[in-house]
Amino acid sequence: MLEITVFGAFDSVGKSCVMISDHDHRILLDAGIQLHPRRTGLLSTPPEGVDDFCEEINSVLLSHAHIDHSAYVPALYRAGYQGLVNCTTPTMDLVEILWKDHLKIEGPHHYGISHIHAAITKTRTHKYHQKFRIADGITAEFFDASHILGSAAILLDWEGTRIFYTGDFNNAKTPYHDPMVYPDPDEPIDILLSETTNANRKMGNRKAATSNLTKSLLKCYSRGGKAIIPSFALGRSQEMQAYLTSDFDSFLQKFPLYIDGMILDMNKVYRRYLNDEWVSPRILMELKDRGYRTPFDHEGLRTIDEVSHTGRRGKKREKLATQNEEAIILTTSGMLEGGPIFDYLRFGGNNPLNGLFIVGYQVEGTIGSDIVSGKKELSLDNGFGEFFDVNLQLEVRKFEFSGHASLEGLIQMVRYSSPSYIYAIHGEPEGQLAYSQALDTIGQKATILSSKEVLHEFP
Ligand SMILES: [Zn+2]
Ligand SMILES: [Zn+2]
């Protein structure tokens, strides 16, 4: 008899953590944390109740590096977990950076540096489509989920019962990835645990979003402004660099693209894995045709450290934001909740020639979501308890990019894998409802979880 316990993200996005267990084994899929909007003053919250099982869990598998899927892993070791963490090779490099950054931001709220080291030493890496043993009678296999570098959906073969956990997946073509390839329809899935992030959101296509962004950038350039693009450090930022360096080949000489924040660290990991094992051959060919090995080698791309100013990065930012030179600035954080973007808003936010171009999802209650809804007066801090007021005069625009499957993609996954049991997780209640209604039309049924402790029993 199998049981599924969902410790987080059962009716929301954030702190993903699912335990599959039987009499003899407990396997954990993901262990993420939930961030809260800065204005709440709350620290991140852990998946509820997982600590109680840490001494009994046999193995942990990670779908991908995003912190709402991975950042609680070191804390499992603090709570007594002693087993291995299994993930793809790039995911291991990415989580190490993210975990250390999280510790720097929040302090030892969930874990200390020794727990990060314990987790890293206990991590085993795998390639896509290479079955590995988890425990007696249980194997796992990672499928390329096309969401970010190293992202995987996880197939567990549990003494013959096939369980498929999608993690975050994408059925659209993006710069580094082709649409996700679903499991073989000839070997149906027994239990599907599917994300439902975009089930109730109509996302425009990426082609339109990219061409709108390009138009706005050109307009911004022609009026002599700076284009500020806040972006998530991992995933969206590298996509933006790929789009911009391919669309702006000669133009970027005049309108350079400056990169700031943790994006620079993530670029290093992307650079390491830009080969056909981890990214689409399409981007490798495109780069080769244009004479680059990676998008980050484009001569129009510069880092914040290349701004000629002898001061620290804060001073360089001030200079970049105020000097009389057109530029695109790609920087963290993606929801404008902190990081270098504060400096750019502080020194460049009041200039109507500039543009603030938002390319990621903005969670309700974040500064980014306030700005998108038209808020102009902001009070931001400099990280040292000092506040400054900003009156936004620049052009604000939002562009629809998503790293998650559309409703059609979610349904297609079900059609392919014809599961006997389907669980809708990692989505807002409206998304889960939209998903289950869409499944009704193809004669399938999804269970929507409404509490963390719902246990399901399978014969
Ligand atoms: Zn993700
Ligand atoms: Zn996610």
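Counting only residues that are under 24 Å from residue 213 (Cβ atoms) and either outside the structural domain of residue 236 (by TED's automatic domain parsing) or not hydroxyl-bearing (Ser, Thr, Tyr) (or both), give me the helices (runs of 4 or more DSSP H) lying completely in the range 363-442 with at least 2 of them.
Output list reads 367-372, 407-417.
When residue 380 is tested against (1) surrounded by 18 or more Cβ atoms within 10 Å (Cβ to Cβ); (2) of a type outside the set (Phe, Trp, Tyr); (3) at pLDDT 95 or above; (4) farther than 23 Å from residue 187 by Cα, just one condition goes unmet, and that condition is (3). Residue-level analysis places residue 215 among those that are assigned by TED's automatic domain parsing to the domain that holds residue 271, charged (D, E, K, R) and away from ligand 1 (no atom under 16 Å from the Cβ).
Could you check, for the range 119-127, whether at least one of its residues is in the same structural domain as residue 9 (by TED's automatic domain parsing), charged (D, E, K, R) and part of a helix (DSSP H, G or I)? Scanning the range 119-127 turns up no residue that is in the same structural domain as residue 9 (by TED's automatic domain parsing), charged (D, E, K, R) and part of a helix (DSSP H, G or I).
Scan the range 388-411 and give yes if some residue there is β-branched (Val, Ile, Thr), closer than 18 Å to residue 447 by Cβ and either loosely packed, with under 15 Cβ neighbours inside 10 Å or away from ligand 1 (no atom under 16 Å from the Cβ) (or both), otherwise no. Within the range 388-411, one or more residues are β-branched (Val, Ile, Thr), closer than 18 Å to residue 447 by Cβ and either loosely packed, with under 15 Cβ neighbours inside 10 Å or away from ligand 1 (no atom under 16 Å from the Cβ) (or both). Looking at the range 129-146, which of the residues that are within 15 Å of residue 30 (Cα to Cα) and buried (at least 24 other Cβ atoms within 10 Å of the Cβ) is farthest from ligand 2 (Cβ to nearest atom)? Here the residue is 140.
Residue-wise test of (1) surrounded by 24 or more Cβ atoms within 10 Å (Cβ to Cβ); (2) more than 15 Å from ligand 1 (Cβ to nearest atom).
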| position | (1), (2) |
| --- | --- |
| 8 | yes, no |
| 34 | no, no |
| 50 | yes, yes |
| 55 | no, yes |
| 64 | yes, no |
| 71 | yes, no |
| 99 | yes, yes |
| 107 | no, yes |
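Of the strands (runs of 3 or more DSSP E) lying entirely inside the range 1-115, the ones with 3 or more residues being over 27 Å from residue 129 (Cβ atoms) are found at 3-8. Residue 302 falls short on exactly one of the conditions (1) without any contact (Cβ under 8 Å) to a residue 24 or more places away in the chain; (2) in contact with a strand residue (DSSP E or B) (Cβ under 8 Å, 6 or more places away or on another chain); (3) basic (Lys, Arg), and that condition is (1).
Cβ-Cβ distance below 7 Å, separation of 6 or more or different chains: which pairs start in the range 63-91 with a residue that is under 20 Å from residue 108 (Cα atoms) and within 16 Å of ligand 2 (Cβ to nearest atom) and end on one that is in a strand (DSSP E or B) and not acidic (Asp, Glu)? Between residues of the range 63-91 that are under 20 Å from residue 108 (Cα atoms) and within 16 Å of ligand 2 (Cβ to nearest atom) and residues that are in a strand (DSSP E or B) and not acidic (Asp, Glu), the close pairs are 68/34; 72/17; 73/60; 73/85. Within the range 53-61, the presence of a residue that is among the acidic types (Asp, Glu) and closer than 19 Å to residue 9 by Cβ is excluded.
The values are calculated or read from the model by the stated rules, or taken from the named source; none is laboratory data. Keep in mind the model is a prediction, meaning the values are calculated, not measured. As a convention, Cβ positions derive from the backbone with ideal geometry for all residues, glycine included, and neighbour counts pool all protein chains shown.
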